[in-house]
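Notes to accompany the following structure.
Just so it is clear, none of the values below were taken in a lab; they were calculated from the coordinates. Since we're looking at a predicted model, the values are computed, not measured. When we count neighbours, we look across all protein chains shown, and the Cβ atoms used for this are built from the backbone with ideal geometry, even at glycine.
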Amino acid sequence: MKRLADCRTVVAGLGLMGGSLAGALRGRCRTVVGVARREATIERAQRLDLIDDGTTDAEVAFRDADIVVLATPVRTIVSQLRSFGPAMPPGCLVLDLGSTKADVLAAMERLPDGVEPLGAHPMCGKETSGVDEADLDLYGGCTFILCPLERTSNAALALGRELVEAVGAEPLVLDGARQDRLVATLSHLPYLLACALVQTADATTSADPAAWTIVAGGYRDTSRVAGCDVRMMLDILGTNREAVLRSAAVFRERFDRLVELIGAGAEEELEAALTGCRDERRRMFP
């Protein structure tokens with residue numbers, strides 16, 4: 001396969017993730033081409049110097065691609081793989097930026113022979129969206145999960161690693177099912193907790209005008225991801241349903257236990273539980 005510097009790289013989807021990746025790859029590839037549904041998005045990406053060229057015709061863009069990056073919501077990625085897979089040339093590396101992998105990898109398995117599939121999930125992002133939010137440093141220092149299929153060649157995986165490292169991220173190769181299980185707890189469950197916290201604050205404090213005057217960093221930090229793109233999160237939760245439900249069940253059990261200890265006035269047990277949580281958090285982030 002070609003080296004990254006010689007590749008025509010097509011990024012389909014020019015929102016926060018795709019726009020940031022395209023901009024970070026520009027100058028490190030022969031050409032970076034953006035694909036978007038609206039011409040205005042392409043024009044904006046060009047004005048922001050995120051892409052070298054752009055089009056609204058994905059099929060045409062994919063025909064001459066050395067690398068295709070699908071940076072759209074998960075269900076859209078699956079649809080794009082089905083619709084445009086036949087247009088991708090042999091030897092083309094196809095990777096996605098979707099947060100869940102089971103459905104994506106199943107669709108990648110059906111790509112034409114010769115096309116090189118590689119599931120991917122960068123562990124970064126913001127609660128904002130759109131091409132105007134693109135950040136060339138978004139991927140710097142993040143873990144970028146790569147999920148090869150059995151059919152993925154060593155050369156394709158090596159090119160995927162080169163792309164990841166070119167944008168400043170750290171590649172981590174994982175099985176797709178393992179990645180879905182892990183991110184259900186470490187990424188998807190926190191979104192649900194943030195949403196529930198916002199609902200609780202609305203129900204219990206919004207009637208008091210002093211609430212938003214005294215709101216503290218703890219609430220802002222904990223609720224931040226509730227501001228994420230809803231369509232993207234619906235796709236994530238819908239395509240990782242079972243793993244999210246398992247994590248949510250464990251959370252409810254642990255949360256209810258803490259509430260029980262408070263209700264019972266069991267301060268020694270509560271102190272021990274909270275101390276254990278504090279110590280574990282410090283081990284996670286020394």
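Worth a mention:
- In plain terms, if you count all Cα to Cα distances in the range 179-284 and split them into 5 Å steps from zero, the share in each step is 2, 10, 15, 18, 20, 18, 11, 4, 1 percent.
- Distance between the range 229-284 and the range 1-63 - C-alpha centres, whole angstrom: 40
- Close amide H contacts of residue 145 (hydrogens built in the peptide plane, cut-off under 5 Å, sequence separation of 5 or more or a different chain): 121, 123, 172.
- For the range 115-191, the equivalent ellipsoid derived from the Cα gyration tensor has semi-axes of 22, 18, 10 Å, listed largest first.
- The chain - mean residue ellipticity at 222 nm from DSSP helices (-39,500 (n - 2.57) per run, n ≥ 4, rounded to 500): -15500 deg cm²/dmol
- The residues neighbouring residue 184, those whose beta-carbon lies less than 12 Å from its own, together hold a net charge of +3 under the Lys/Arg +1, Asp/Glu -1 convention.
- Counting other Cβ atoms within 10 Å as a rough exposure proxy, the listed residues 101, 126 run 126, 101 from fewest neighbours to most.
- Local electrostatic count at residue 75 - Lys and Arg +1, Asp and Glu -1, tallied over other residues with Cβ under 9 Å: -2
- Normalised contact order of the range 4-174, rounded percent, pairs of Cα under 8 Å and 6 or more residues apart: 23
- Here the average projected area of the convex hull drawn through the C-alpha atoms of the range 4-174 stands at 8.2 nm².
- Hydrophobic, long helices, defined as DSSP H runs whose alpha-carbon span along the helix axis is 30 Å or greater and whose mean Kyte-Doolittle value is at least -0.5, occur in the chain at 241-264.
- Using alpha carbons only: equivalent-ellipsoid semi-axes of the chain, gyration tensor based, whole Å: 39, 21, 17
- Kirkwood-type hydrodynamic radius, the range 233-282: 12.7 Å, calculated from all non-identical alpha-carbon pairs.
- Of 191, 139, the sequence from fewest to most neighbouring Cβ atoms within 10 angstrom is 191, 139.
- Summed side-chain charge close to residue 262 - residues other than residue 262 whose Cβ falls under 15 Å, Lys, Arg +1, Asp, Glu -1: -4
- Fraction of beta bridges assigned by DSSP in the chain that are antiparallel (%, nearest 5): 20
- Exposure proxy for 228, 142, 29: other Cβ atoms within 10 Å of each Cβ, ordered fewest to most, give 142, 228, 29.
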